[in-house]
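Okay, structure first, notes after.
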Amino acid sequence: MPTLNMPSNRTRLILKTAAATLLVAGMLAAAGGYIVFKAGWYNIGATALHMQPVHDVLEQGMRESVEYRSRDIRVPAGLVAPQRIAAGAIVYRDKCAQCHGAPGFAQSDHGQAMQPVPGPLVDAARRWTPAELYWITRHGIKMSGMPAWEFHLADDELWAVVGFMQHLPTLTPAAYRDITSKSTAPSVSLAAGASLPPDAGRGRIALAQYACQSCHIIPGVTGPRVYVGRSLDGLAERKYIAGTLPNTRDNLVRWIRDPHSIDPHTPMPVLGVTERDARDMAAYLLTRQ
């Protein structure tokens, strides 16, 4: 019978040495990173730029992620229809230009000072497909300052701004001023979907997108350890909401949408939460024990 070529003792020794070297190097790197982390040596200030290789790696990772997650999105017909472009111009003016600028129009102060810099979108249609632009606009980009607009814009508005970005490279500064001054906001109701059954999973995302975790500790929602508002952990077990309302789903929806109508002195702000979003948020909070 043919004999198998077993690795020699020397080969095994080389492999073991290489593995041990990699293990030790990894442990030293982890220890070094921990020391830098705990010592506070890493400068998180926005005036300290990313090193170019770090920026390039993050940029490439973002591109690969967006391409993968947008692969099944279907672009609607008439993406660049004049009506859609006109509607998208207003969305762009009100939601995008502050950070990304426009023809003849620079970003606002906070847009200019962000790191990484939110680049201009004049050439976005060359760098991204319509499906990718829709995904980015809807879901945002983590750790970049790019917000997710899913809970603040209707789907028609999302596609309208994508359509407008296809048209943006053709605009002169004067044409941009003209289209954004004459266009009117699209007549789209953000309450669409209010009749759908409550979705606790969607409610968890909605709580984060309305920044509820900026004041409350919410189980399952990542955020700072803050004590501005009462923790929402165990909300389902409480008898009352805001100390006065019986703890029912409908009352919680009322409180989320318009707390000042229940308690005019509450510091809780009115966030403009839609009926559907409030019902989803309530469904999530009332299922957390």
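The values are calculated or read from the model by the stated rules, or taken from the named source; none is laboratory data. Keep in mind that what you see is a predicted model, and the values were worked out from it rather than measured. Neighbour counts run over all protein chains shown; Cβ positions are idealised from the backbone, glycine included. Only protein heavy atoms, including side chains, enter the accessible area calculation; ligands, DNA and RNA are left aside. Shrake-Rupley method; radii C 1.70, N 1.55, O 1.52, S 1.80 Å.
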So what does Ser231 come to for accessible area, using a 1.4 Å probe and Å² rounded to 10? 40
Gaussian network model of the chain, springs between alpha carbon atoms under 10 Å - residue of Leu158, Leu252, Leu271 with greatest fluctuation: Leu271
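Helix by helix through the chain, keep the DSSP H runs that span 30 Å or more along the axis on Cα and average at least -0.5 on Kyte-Doolittle, and give those back in order.
Result, helices passing both filters: 9-39.
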Probe 1.4 Å, protein heavy atoms only - accessible area per residue of the chain in square angstrom: 63
Furthest towards positive pole of dipole, Ala29, Ala106, Val228, structure part the chain, Cβ charges: Ala29
For the chain, what does -39500 (n - 2.57) per DSSP helix run (n ≥ 4), summed and divided by total residues, give at 222 nm, in deg cm²/dmol to the nearest 500? -14000 deg cm²/dmol
Taking every pair of alpha-carbon atoms in the stretch 94-185, what share in percent sits in each 10 Å bin, from 0 to the bin with the longest distance? 16, 50, 33, 1
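Give me the percent of the accessible area of the chain that comes from carbon and sulfur atoms, probe 1.4 Å, all protein chains in place.
Its accessible area is 60 percent carbon and sulfur atoms.
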Among Ala113, Ala278, Ala102: highest mean-square fluctuation, GNM of the chain, C-alpha pairs under 10 Å: Ala113
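Find the relative contact order for the stretch 1-149 and round it to a whole percent, using C-alpha pairs within less than 8 Å whose residues are 6+ positions apart.
On the way: 71 pairs, mean separation 28.8, N = 149.
Contact order relative to length: 19 percent.
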What nm distance separates the two modelled labels at Thr222 and Ala200, each placed 7 Å from Cα along Cα→Cβ? 2.2
What does the charge add up to near His50, with Lys and Arg as +1, Asp and Glu as -1, over the other residues with Cβ less than 12 Å from its Cβ? -2
Show Phe105, Phe164 ordered by accessible area, largest first, where the area counts protein heavy atoms only and the probe is 1.4 Å. Phe105, Phe164
Most fluctuating of Ala87, Ala39, Ala208 in the GNM of the chain (C-alpha, under 10 Å) is Ala39
How about Lys95: which lysines have a C-alpha closer than 18 Å to its C-alpha, ignoring those fewer than 8 places off in the same chain? Lys142, Lys182
Per residue Cα convex hull volume in Å³ - calculated over the stretch 97-245: 168
Add +1 for every Lys or Arg and -1 for every Asp or Glu among the other residues with Cβ under 13 Å from the Cβ of Ala86, and state the total. 0
Using per-residue counts of other Cβ atoms within 10 Å, averaged over each peptide, order 282-288, 136-142, 264-270, 242-248 from highest down. 282-288, 136-142, 242-248, 264-270
With every protein chain in place, the accessible area of Trp149 for a 1.4 Å probe, in Å² rounded to the nearest 10, comes to 40
Kirkwood Rh over alpha-carbon pairs of the chain plugged into Stokes-Einstein at 37 °C, 0.692 mPa s gives a D in µm²/s of 142
PRE reach from Val57 (point 7 Å along Cα→Cβ): which of the stretch 143-163 fall under 20 Å by backbone N? 143-145
Roughly how many debye, to the nearest 20, is the charge dipole of the chain about its Cα centre, given +1 on each Lys and Arg Cβ, -1 on each Asp and Glu Cβ, and no other charges? 780
For the stretch 9-110, what are Rg and Dmax over the alpha carbons, in angstrom? 24.3, 75
For Glu237, Glu150, Glu59, the accessible-area ranking with a 1.4 Å probe, largest leading, is Glu237, Glu59, Glu150
Would you please give the FRET efficiency between Ala18 and Gln98, computed as 1/(1 + (r/R0)^6) with r the Cβ-Cβ distance and R0 = 45 Å, to the nearest 0.05? 0.30
Taking R0 as 45 Å, what's the FRET efficiency between His152 and Ala25 from their Cβ-Cβ distance, rounded to 0.05? 0.45
